[in-house]
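As structure tokens, the structure follows; a few thoughts come after it.
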Amino acid sequence: MLADFLIHNASEVLTCAGPAPRIGRAQADARSVARAAIASREGRIVFIGSESLLAQEVELDRHAVVVDAKGGAVVPGFVDAHTHVVFAGDRREELRRRLSGASYAQIAAEGGGILGTVVATRAASDDRLIADTRRRLDEMLRCGTTTCEAKSGYALTTEGELKMLRAIRALAATHQMELAPTFMGAHEVPAEYRGRRRDYIDLVIHEMIPAVARDTLAEWCDVFCEADVFTPDESGEILQAGLDAGMKLRIHADQLGASGGSRVAADHRVRSADHLIFVDAAGADGLAKSGVVATLLPIASFYLKLEQFAPARMLIERGVAVALATDVNPGGGFSPSMPFAMTLACFAMGLTFEEALVGATINAAYSLDRHHVVGSLEPGKQMDAVVVDGPAIDLIRVGAETIRAVVKKGRVVVTENGRRG
């Protein structure tokens, strides 16, 4: 077979190949291939296997790009299944307040939090929003993320939400990151609707969702089911409207308390229920029965100082597929790094390295319904890969320069020391 791109001289490739999602004990099956090579043509993998078989299986064309892994490991490009990467403004002063003892709830009640970002995002020009987001996507790419979800939800007006989704569309057409757009007009009730929340819900259902669907700007519909935000009944109503408009479903659930979000997720058979810090065993059983992925966000728990993390071990043991994401956002998602999310998943949520890697790759890809294209290294899928400068477990050496190269669709997009390709 002919190839135009090759990674060779790898000590091992953790392919994460096979069925998706990985559930229970299978969550730890990262499918290691020792001394392997990977070849692709026109961005699709055509060979993966022992380097000893490469010469007899693969013919490189004369312009082929060859990457020497120099004895390091190779893993799939990371899939970040939950981000609020599109926003304007700066809330790092809130971080200072939290470090001084203020709670997330206290700051939000005083007009900060999401509503603080809403003011800045509404005022931002299209060009400013795109430029700021591009910089954040660059950071994520340097950390090995090659596919990510991107939400609206920081404008909370019809035109503002459309502006955010159009920014995502523009970036998807011009940035090396592959983006999965999500409509999240139900991220918060804006200040001007606080005394008439039903009017805002009607706006989301009857104006925003039809406008988003008309221009096919979003693949997913999301809602923040939480006390003082959207109730389980309201969340279900909004999700049903999104489904009726042709969008797939995900939900913020049980983040700040037992909100009933996991029950809504199970009842509506959403693809992904996210956060789940306060999910209990009954909620986990409902998710497992309905085939809902638990997308967990340990970086948010860390930076919001929530004092506990999602019960990842319990979720896996009860048959729920676990994915990981960074929750990049202006208030609590201060790290663009999936390796950092994996590190916290291991040391704060009790996962093994292999379980965390599967959560950051093939299970995250399943969470975004892209598992047939990305999330693992196997013939027919995109050549999206991270070349590690050492064994794969070095990825959780926080602060070390452990990524030698990042590959997207058979092109080196980041080289050593974080330089863009």
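Dimensions of segment 1-148 along the principal axes, based on C-alpha atoms and rounded to the nearest Å, stand at 66, 41, 27, largest first. Using volume of the Cα convex hull per residue in Å³ as the read-out, say which of (i) 125; (ii) 167; (iii) 176 was calculated from these coordinates. Matching the structure shown: (i). Computed packing ranks the peptides 182-191, 158-167, 66-75 as 182-191, 158-167, 66-75, most packed first, by mean other Cβ atoms within 10 Å. Computed from the alpha carbon positions, the gyration tensor of segment 226-362 leads to an equivalent ellipsoid with semi-axes of 23, 16, 14 Å, biggest first.
Mean sequence separation of contacting Cα pairs (under 8 Å, at least six apart), scaled by the length of segment 290-388, corresponds to a relative contact order of 25 percent. In this simple spin-label approximation, residue 243 and residue 25 carry label points 7 Å from Cα along the Cα→Cβ vector, and these lie 3.4 nm apart. With 30 Å as the limit, the listed pairs 70/381; 248/381; 163/248; 70/408 all fall inside it between alpha carbons.
Separation of segment 93-154 and segment 182-221, taken as the distance between their Cα centroids, equals 19 angstrom. Per-residue 3J(HN,Hα) values for segment 259-276, derived from phi via the Karplus relation 6.51 cos²θ - 1.76 cosθ + 1.60 with θ = phi - 60°, read 8, x, x, 5, 5, 4, 4, 5, 4, 9, 6, 5, 6, 9, 10, 10, 5, 6 Hz in sequence order (x marks Gly and Pro). Label point of residue 193 set 7 angstrom out along Cα-Cβ; within segment 102-131, amide nitrogens under 20 Å from it belong to 108-124. Just checking the listed ones, 173, 266, 348: in the Gaussian network model of the chain with Cα springs under 10 Å, the one fluctuating most is 173. Segment 355-411 and segment 301-342 have their alpha-carbon centroids 17 Å apart. For residue 398, nonlocal amide neighbours, meaning residues 5 or more places apart or on other chains whose placed amide H falls under 5 Å from its own, do not occur. Close amide H contacts of residue 67 (hydrogens built in the peptide plane, cut-off under 5 Å, sequence separation of 5 or more or a different chain): 6, 7, 8. Taking R0 as 25 Å, what FRET efficiency do you get between residue 34 and residue 61 from their Cβ-Cβ distance, rounded to the nearest 0.05? Computed FRET efficiency for residue 34 and residue 61: 0.40. Once R0 is set to 25 Å, what does the formula 1/(1 + (r/R0)^6) return for the Cβ-Cβ distance between residue 411 and residue 216, expressed as a FRET efficiency to the nearest 0.05? The calculated FRET efficiency here is 0.35.
Which residues among segment 73-97 fall inside the zone where the amide N is under 16 Å from a point 7 Å beyond the Cα of residue 139, along Cα→Cβ? Hits in segment 73-97 for residue 139 at 16 Å: 80, 82-96. Amide H contacts of residue 178 (H built 1.01 Å from N, in plane; Pro and chain starts excluded): 147, 148 sit under 5 Å, all sequence-distant by 5 or more or on other chains. Packing here is the average count of other Cβ atoms within 10 Å per residue, and on that basis the peptides 197-209, 50-62, 295-307, 374-386, highest first, run 374-386, 295-307, 197-209, 50-62. In terms of packing, defined here as the mean over residues of other Cβ atoms within 10 angstrom, the peptides 350-363, 135-148, 327-340 line up highest first as 350-363, 327-340, 135-148. Taken about its Cα centre, the chain carries a charge dipole of about 520 debye when Lys and Arg each add +1 at the Cβ and Asp and Glu each add -1 at the Cβ. Positive contributions from Lys and Arg (+1) and negative ones from Asp and Glu (-1), summed over other residues with Cβ under 15 Å from the Cβ of residue 399, come out at -2. On segment 1-145, 50 percent of the accessible area sits on carbon and sulfur atoms, based on a 1.4 Å probe. Rounded, prolate or oblate: which fits segment 285-398, taking a ≥ b ≥ c as square roots of the Cα gyration tensor eigenvalues, rounded meaning a/c under 1.5, else prolate when a/b beats b/c? Oblate is the answer for segment 285-398, as a/c is 1.5 or above yet b/c matches or exceeds a/b. Between residue 9 and residue 369, the FRET efficiency from the beta-carbon distance, with R0 = 22 Å, is close to 0.05.
Taking Cα centre as origin and charging only the Cβ of basic (Lys, Arg, +1) and acidic (Asp, Glu, -1) residues, the dipole magnitude of segment 186-280 rounds to 160 debye. Compared with the alpha-carbon gap, the fully stretched path from residue 159 to residue 352 is longer by 65.1 nm at 0.36 nm per residue. Counting 0.36 nm for each residue step from residue 103 to residue 206 and taking away their Cα separation leaves a gain of 33.6 nm. Computed from phi, the 3J(HN,Hα) profile of segment 113-127 under the Karplus parametrisation 6.51, -1.76, 1.60 (θ = phi - 60°) reads x, 4, 5, x, 6, 4, 4, 5, 6, 4, 7, 6, 6, 4, 5 Hz, with x in place of Gly and Pro. Stretching the chain fully between residue 92 and residue 394 yields a gain of 105.8 nm (0.36 nm per residue, less the alpha carbon separation). Overall, the accessible surface of segment 364-418 at a probe of 1.4 angstrom is composed of carbon and sulfur to the extent of 46 percent.
The values are calculated or read from the model by the stated rules, or taken from the named source; none is laboratory data. Given the structure is predicted, the values throughout are model-derived calculations rather than measurements. Cβ coordinates were reconstructed from backbone atoms using ideal geometry, including for glycine residues, and neighbour counts include every protein chain displayed. Only protein heavy atoms, including side chains, enter the accessible area calculation; ligands, DNA and RNA are left aside. Shrake-Rupley method; radii C 1.70, N 1.55, O 1.52, S 1.80 Å.
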